[in-house]
């Protein structure tokens, strides 16, 4: 048989296996027992056609869209659906207008399903509020992104949050077995079989994503048929799934979890763990500039003056990402990651600026001491501005004791250096100046005391 004959063309043109095998009712739905299992409140609400507004949150292929489709087939309410990827305000307004007309003329509610609702901006989401609040619309939104970050609070508070989890290996196996035996929608009519090893590989590669599992299964059968094999083997699965699928949402929980683990590993001075999470982020398609920006912040927040060069290294890595780009820039990111992980740590910079911010918020805008105010204009000296200022370079060690803070907070000490790394030298130098190094006499020669700070 010619591989690209008419029969094969018709098969290729059919709907994808993952679409054909979508559950038709709650009895066929696999997984999410905690959310919609037998006896759950949500299942009872669906069966009674009393579904409240819902936000379905979970990873791809966990059943969010499938559940929405089941609800659409069981409800007696009007049904509308939009994809936030390719819909804007005009489409949204048209749906709301139709829903309002139904509600006013028939008293009929409309269920609006919005796929990837996180793609709507805040103003688009806010446009839904009046219709949801007055009962015109029942909203069902699906999202792979953390709704507490991506869904506006008023909309989230008016909806029931349903959390979907990745499917277990056992649940993925059930879905695969159904596809293998279903003659109407699945592969039950295929002449080819599949080895146990190949099936286990598909389950492993799926990462709990039913769509990935079914797509890999379908492509594996396609490849086996092309090679004239009667059975799908591990070789076909590996070809179908060249690279292990990592679930990674660049704006959702996985994004924040990996970034958090990356930072905490560097903070804990564990370069191996930091490199692992760096590799995970790069592998998953994270924006390398985001990674570099986090390292620039980290250099000051968690290292600071314990190793001042850390900021230079982080900034250089950021610049390298801009100039070189991936994949080569992975080397620059890795170099900076190792350097930051192995550097001495200090959070005194963060504590110092936080303390200064708190003082400003608590004490308000205190007057600058007169001797520090600008005296570079006519009449300033007549006002007594700048007249008592002592120029440090006129004194030995280029230091002279005088007040710099406003009187009300004169005793405040925002920066308290640690005894770690280079910061210990800064600490010793400040003690040297304010202790034994204090000397208000005018300098007669160039003695700066810098040899005590080496």
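Overview of results
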{"read-out": "Residue order, fewest to most beta carbons within 10 Å, for 398, 118", "value": "398, 118"}
{"read-out": "Efficiency of FRET from Cβ geometry, residue 227 and residue 126, R₀ 60 Å, rounded to 0.05", "value": "0.65"}
{"read-out": "Distance in nm between pseudo-label sites at residue 424 and residue 412 (7 Å out along the Cβ direction from Cα)", "value": "3.1 nm"}
{"read-out": "Order of 19, 391, 399 - criterion: other Cβ atoms within 10 Å of each residue's Cβ, fewest first", "value": "391, 19, 399"}
{"read-out": "Using alpha-carbon coordinates, inclination of helix 309-323 to the longest axis of the chain, degrees", "value": "40 degrees"}
{"read-out": "Neighbour-count order for 337, 342, fewest beta carbons within 10 angstrom listed first", "value": "342, 337"}
{"read-out": "Cα long-axis angle, helix 329-342 against the chain (0 to 90 degrees, to the nearest 10)", "value": "50 degrees"}
{"read-out": "Distance between modelled label sites at residue 101 and residue 170, nm, 7 Å Cα→Cβ extension", "value": "5.1 nm"}
{"read-out": "Descending semi-axes in Å of the range 147-232, equivalent ellipsoid built from Cα gyration tensor", "value": "36, 13, 11"}
{"read-out": "The chain - mean residue ellipticity at 222 nm from DSSP helices (-39,500 (n - 2.57) per run, n ≥ 4, rounded to 500)", "value": "-14500 deg cm²/dmol"}
{"read-out": "Cα-only Debye scattering, the chain: base-10 log of I(q)/I(0) at q = 0.06, 0.13 Å⁻¹", "value": "-0.48, -1.24"}
{"read-out": "Proportion of all alpha-carbon pairs of the range 253-342 beyond 16 Å (%)", "value": "45 percent"}
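All of the numbers you see were taken from the coordinates with simple rules; none came from a lab. Keep in mind that this is a model prediction, so the values were computed, not measured. All Cβ positions, glycine included, derive from the backbone under ideal geometry; neighbour counts span all protein chains shown.
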